[in-house]
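Colleague: Below is a structure I'd like to ask you about.
The values are calculated or read from the model by the stated rules, or taken from the named source; none is laboratory data. Keep in mind that what you see is a predicted model, and the values were worked out from it rather than measured. All Cβ positions, even for glycine, are placed from backbone atoms using ideal geometry, and neighbour counts span all protein chains on display.
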Amino acid sequence: MPKAVKSKIKKLVRPIKDRKIAGVAVAFANYFEIDVTLVRVILALTLIPGGIPGILIYVFCWILIPSEE
């Protein structure tokens with residue numbers, strides 16, 4: 001009989017460790033299993049067209065993504 005495969009459920013949470021401001025970039029990096037620097041660059045690029053879209057995205061994610069505690 002084949003062994004049962006345990007699937008690990010991913011959770012999008014803002015970790016306490018490795019935060020720079022609110023942990024949004026680290027949360028996305030951990031969830032998608034990519035480098036946090038890439039996520040931070042993408043978030044910084046959203047600030048280029050006037051700043052407001054990037055700030056709104058960041059604050060929106062900060063509010064919605066639960067903190068790890």
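This table checks each residue for (1) more than 10 Å from the chain's Cα centre (by Cα); (2) polar (S, T, N, Q); (3) at pLDDT 90 or above.
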| residue | (1), (2), (3) |
| --- | --- |
| P2 | yes, no, no |
| K11 | yes, no, no |
| D18 | yes, no, no |
| R40 | no, no, yes |
| P49 | yes, no, no |
| L56 | yes, no, no |
| F60 | yes, no, yes |
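Colleague: If I ask for residues that are of a type in the set (G, A, S), loosely packed, with under 15 Cβ neighbours inside 10 Å and farther than 17 Å from K17 by Cβ, which ones from segment 27-69 would you list?
Modeller: Going residue by residue through segment 27-69, those that are of a type in the set (G, A, S) are 27, 29, 44, 50-51, 54, 67.
Filter once more, so that each one left must be loosely packed, with under 15 Cβ neighbours inside 10 Å: 44, 50-51, 67.
Of everything in segment 27-69, those that are of a type in the set (G, A, S), loosely packed, with under 15 Cβ neighbours inside 10 Å and farther than 17 Å from K17 by Cβ turn out to be A44, G50, G51.
Colleague: What number of residues within segment 18-34 are touching a residue at least 12 places away in the same chain (Cβ under 8 Å) and farther than 13 Å from C61 by Cβ?
Modeller: 3
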